[in-house]
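One structure is given below, encoded as structure tokens.
The values are calculated or read from the model by the stated rules, or taken from the named source; none is laboratory data. Since we're looking at a predicted model, the values are computed, not measured. Every residue, glycine among them, receives a Cβ derived from its backbone with ideal geometry; neighbour counts consider all protein chains shown.
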Amino acid sequence: MRIVLVYPSFPDTFWSFRYALKFISKKATYPPLGLLTVAAMLPKDWKKKLIDMNVTKLKDKDLEGADFVFLSVMAIQKASAKEVINKCKKMNVKVVAGGPLFTTTYEEFEDVDYLVLNEAEVTLPLFLEDLRNGRAKHIYTSKEFPDIEKAPIPLWGLVEMKKYANMCLQYSRGCPFNCDFCDITNLFGHEVRTKSKPQILAELESLYLKGWRGGVFFVDDNFIGNRRKLKTEILPAIVEWMRKKRYPFSFSTETSIDLADDEKLRQLMVQAGFNSVFVGIETPNEESLSECHKVQNKNRDLLASVKKIQKSGLQVSGGFIVGFDSDPPSIFQRQIEFIQKSGIITAMVGLLNAPRGTKLYQRLMKENRLLKDPSGDNTDFSINFRPKMNYETLINGYKKIVKEIYSPKVYYERVKNYLKEYKLLRKLHFHFGHIRLHFGYSGAFFKSVWFLGIKDKARAYYWKLLFWAFFRRPRLLPLAITFGIYGFHFRNIFKDKL
């Protein structure tokens, strides 16, 4: 069998880092971990080729002679996925499709030959067995949540690592919380399923042996879902592995805000090489948190929690949402003030949307307020239901937030204030490994001088930040430049959309 694994392209979004990647001559932020894991589950004697459309074009010659095209798709890749499916149909190549998009909206894709839905550890073996016996069905689905200790090491040999800014791996699936706008528990369940210590070390070793040195993103939706195992097994093992290997990686991941409640866990994460976490903060409005059942964020000082995580040596990226039924007219200014006071540099503020399968989707359906499926990009100024707040007020308020927090004056001021409080740890390789990933090469510095210091209208703020960092905190100069590059990306993304 000749298999082509295709990962459709992403549009330019907040998380694409399109404008930032140009500074380090990379094509994409992360490789398609799901497809690489699926590739490792296919028969070893099958010939496999990966086409990540975010780093290279899918050409007709790539599909010539292929027996199957395997697709793994998220909602935001829908338009590109449809183009791939149409191309395969024209070339008479059968399509095997899976991933979140197909799992939640499979009825829209009758023209796909085989839909292998839910988690591949369960459904893919069933499909392969039927295929061998000549009785493959159109749809394979399961409500079973598999033991991911059986998941294989991704097939890294299919990837040109030099084209990516980060590598990635997965430690766990599932989340103990149940926020009503989130589809994670619908897809992966409440029980947090984890890989074993030997598995994680084997995956780190596989990346190391492939020559990777730099950032590694743990793609878990909530990395700290099982704190006990992290503190007693996984993180101590990573700490020791990193020490023996002389710290080849820096790590980032996603966690819930209750990371602020566990000092030992934060310390272990930093010792292991973590330097950045994404946290779903959502809103400073307590009524809105109650509305969406964000229990882990309620009854706490969110600002103090963010500061506590930052003071441990972890940069905090934050997710924020407007559009809740309980949002008052003051929410837009409150979001701006919270982001500025928190020093969260990468603040993704989006409009509330209701993905299929979520409690929010079900409630809005009963209330006859749904309008369409969400785009998958909650920063594209679209909302898929009728909000309680006046629509024009909501959209204009949202525009106000993103214009304000990413305006050069406000953004560079936030960066400077954050760097003033930044805790410079003894083991700088943790942080500079991460900086090397995003800024690192000398060429990126000269590009930043040209694009941010000369061509950009906001160049005065760039030079003020650089001179401040050079004279006041010189060891943080690379981080200051990195954040400058981030800001350039965020301004351009929202400028295009506005």
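Points to keep in mind about this one:
- Within segment 44-57, one or more residues are touching a strand residue (DSSP E or B) at 6+ places or on another chain (Cβ under 9 Å) and without any contact (Cβ under 8 Å) to a residue 24 or more places away in the chain.
- Search result, residues across segment 16-29 that are buried (at least 18 other Cβ atoms within 10 Å of the Cβ) and under 26 Å from Glu203 (Cα atoms): Ser16, Phe17, Leu21, Ile24, Lys26, Ala28, Thr29
- Criterion violated by Pro31 - all others in (1) modelled with pLDDT under 95; (2) of a type outside the set (Phe, Trp, Tyr); (3) under 19 Å from the mean Cα position of the chain (by Cα) satisfied: (1)
- Only one of Arg193, Arg227 that is surrounded by fewer than 22 Cβ atoms within 10 Å (Cβ to Cβ) and in contact with a strand residue (DSSP E or B) (Cβ under 6 Å, 6 or more places away or on another chain): Arg193
- Unmet requirement for Asn178, which otherwise passes all of (1) under 23 Å from Thr379 (Cα atoms); (2) surrounded by fewer than 17 Cβ atoms within 10 Å (Cβ to Cβ); (3) touching a Lys or Arg at 6+ places or on another chain (Cβ under 7 Å): (3)
- Sole residue being farther than 20 Å from Lys27 by Cβ and surrounded by 15 or more Cβ atoms within 10 Å (Cβ to Cβ), chosen from Ile481, Ile454, Ile493, Ile485: Ile481
- For the criterion of being in contact with a helix residue (DSSP H, G or I) (Cβ under 9 Å, 6 or more places away or on another chain) and either basic (Lys, Arg) or in a loop (DSSP other than H, G, I, E, B) (or both), Lys409 passes.
- Checklist (1) in contact (Cβ under 8 Å) with a residue 24 or more places away in the chain; (2) under 20 Å from the mean Cα position of the chain (by Cα) applied to Thr185, failing item: (1)
- Residue within segment 35-43 that is touching a Lys or Arg at 6+ places or on another chain (Cβ under 9 Å), of a type in the set (Val, Ile, Thr) and not assigned by TED's automatic domain parsing to the domain that holds Gln199 present: no
Every residue, every condition in (1) over 23 Å from Ser290 (Cβ atoms); (2) over 25 Å from the mean Cα position of the chain (by Cα); (3) not in a loop (DSSP other than H, G, I, E, B), yes or no:
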position	(1), (2), (3)
Asn353	no, no, no
Arg363	no, yes, yes
Thr379	yes, no, no
Ile395	yes, no, yes
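- Qualifying residue in segment 79-102 (condition: of a type in the set (D, E, K, R), at pLDDT below 95 and outside the structural domain of Lys195 (by TED's automatic domain parsing)): no
- Scanning segment 184-206 for residues that are assigned to a loop (DSSP other than H, G, I, E, B) and either assigned by TED's automatic domain parsing to the domain that holds Lys26 or more than 25 Å from Met161 (Cα to Cα) (or both) yields a count of 5.
- Scanning segment 14-55 for residues that are under 22 Å from Leu117 (Cα atoms), in contact with a helix residue (DSSP H, G or I) (Cβ under 6 Å, 6 or more places away or on another chain) and not aliphatic (A, V, I, L, M) gives a single hit, Lys48.
- Residues of segment 330-351 satisfying the condition of being in contact with a Gly (Cβ under 8 Å, 6 or more places away or on another chain), assigned to a loop (DSSP other than H, G, I, E, B) and of a type outside the set (A, V, I, L, M): Thr346
- Hey, Val69 assigned by TED's automatic domain parsing to the domain that holds Leu124, more than 19 Å from Lys137 (Cα to Cα) and in contact with a strand residue (DSSP E or B) (Cβ under 6 Å, 6 or more places away or on another chain) or not: no
- Set Tyr140, Tyr164: member being surrounded by 17 or more Cβ atoms within 10 Å (Cβ to Cβ), without any contact (Cβ under 8 Å) to a residue 40 or more places away in the chain and not β-branched (Val, Ile, Thr): Tyr140
- Residue satisfying all of: in segment 65-122; in a strand (DSSP E or B) and under 24 Å from the mean Cα position of the chain (by Cα); surrounded by the most Cβ atoms within 10 Å (Cβ to Cβ) among these: Val116
Residue-wise test of (1) surrounded by fewer than 19 Cβ atoms within 10 Å (Cβ to Cβ); (2) outside any helix (DSSP H, G or I).
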| position | (1), (2) |
| --- | --- |
| Tyr208 | yes, no |
| Gly211 | yes, yes |
| Glu233 | yes, no |
| Arg246 | yes, yes |
| Leu259 | no, no |
| Asn275 | no, yes |
| Val279 | no, yes |
| Glu287 | yes, no |
| Val306 | no, no |
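- Condition met for Ile3 (at pLDDT below 95 and within 28 Å of Ile200 (Cβ to Cβ)): no
- Scoring Ile3 on the criteria (1) under 22 Å from the mean Cα position of the chain (by Cα); (2) in a strand (DSSP E or B); (3) not polar (S, T, N, Q) leaves a single failure, condition (1).
- Single match in Phe127, Phe217 (criterion: among the aromatic types (Phe, Trp, Tyr), under 22 Å from the mean Cα position of the chain (by Cα) and either in a loop (DSSP other than H, G, I, E, B) or crowded, with 18+ Cβ neighbours inside 10 Å (or both)): Phe217
- Residues (in the same structural domain as Glu108 (by TED's automatic domain parsing) and assigned to a helix (DSSP H, G or I)) located in segment 130-150: Asp130, Leu131, Arg132
- Residue count for segment 58-97, restricted to those that are in contact with an Asp or Glu (Cβ under 8 Å, 6 or more places away or on another chain) and free of Cβ contacts under 8 Å to residues at least 24 places away in the same chain: 1.
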